[in-house]
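The values are calculated or read from the model by the stated rules, or taken from the named source; none is laboratory data. Quick caveat: nothing in here was measured; it's all calculated off a predicted structure. Heads up, the Cβs are rebuilt from the backbone with ideal geometry, glycines too, and the neighbour counts pull from every protein chain shown.
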Amino acid sequence: MQKRNRNFGVDAGFFQLLRAPIAPEGLMAARVFGSLAQAALHPHITIYGLAAGARYCAVVGEIVVPFRTASPRPATEARSTLIVSGIQTLRANGLYDRYVDLLSPRLRQEIMSLVAGVWIPSELALEHYRTMDRLQLSKSAIEAIGAEVAERGSKTVLGRGSAGSKHDRTPWGRLVLAHRNLDNNWRGSDMMIMKEGPSEATFVWAGQPCASVPYFVTSWGAFLRSRVAGVCTTANHRVVHEQCSATTIVIHLSWV
């Protein structure tokens, strides 16, 4: 694990960042990495980063899973299994016909013809989630769908490669597999997980174009909560809207 006071080059400017909202783009990265020098090593925080008005102290904890690269590209492809699983859930909930009617005519046939396990352009994933958003479901319904997708054991971002393994017995054991499972299901984007306490984490997903879709953000939060809840007594999540952007999702998780 990386601790900010050991590896982040904390200097006098750090304490000023703790007290003031961050507006300049250059400081958007600094509030994650502790100094402008460290921020320069991670320019993607500026490009895909957190909302400019967020405070440094509200974002940074102990880095458990760091961003892997200084210049990650946005997600360009997704596993079709993500969409196929979502469509199966729609069928189970009697929403499929409405969904088909709301799909873009240009992409409708392509989405309806998807089979699981292949790479598809992120444009198709984005259209799927935008269409889900156009269904105008309640928050509770969206979260129920996200939890159902997780329960199905789908090969989504935290599903593949972890179920049943020796690492899959605690919330932290599931969370630290984020990079491996991201690579299995998305090409592009990056993830970081910060430990805010023994049973508390902040999960950041940067470079994700679907972050611009409210349905996706809500469903993703419920998916994460469901994954954690499977190995604890109870789990809660909160979308940290003030730290999100059109390409970044920030979720706070806690459990007992």
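Given (1) part of a loop (DSSP other than H, G, I, E, B); (2) exposed (fewer than 14 other Cβ atoms within 10 Å of the Cβ); (3) under 21 Å from the mean Cα position of the chain (by Cα), where does SER140 come up short, assuming only one miss?
Result: SER140 passes all but (1).
Are there helices (runs of 4 or more DSSP H) fully within the range 71-123 with at least 3 residues that are over 22 Å from the mean Cα position of the chain (by Cα)? List them.
The qualifying helices (runs of 4 or more DSSP H) are 96-102, 108-112.
Considering only the range 209-255, how many residues are within 14 Å of ILE142 (Cβ to Cβ) and either basic (Lys, Arg) or not assigned by TED's automatic domain parsing to the domain that holds TYR99 (or both)?
Number satisfying all stated conditions: 1.
Here's a check for you: in the range 184-214, which residue that is among the charged types (D, E, K, R) and over 13 Å from the mean Cα position of the chain (by Cα) is nearest to THR233 (Cα to Cα)?
Of everything passing the filter in the range 184-214, GLU200 is nearest to THR233 (Cα to Cα).
List the pairs whose first member sits in the range 99-123 and is under 19 Å from TRP186 (Cα atoms), whose second member is polar (S, T, N, Q) and not in a helix (DSSP H, G or I), and whose Cβ atoms are under 6 Å apart, counting only residues at least 6 apart or on separate chains?
SER122/THR76
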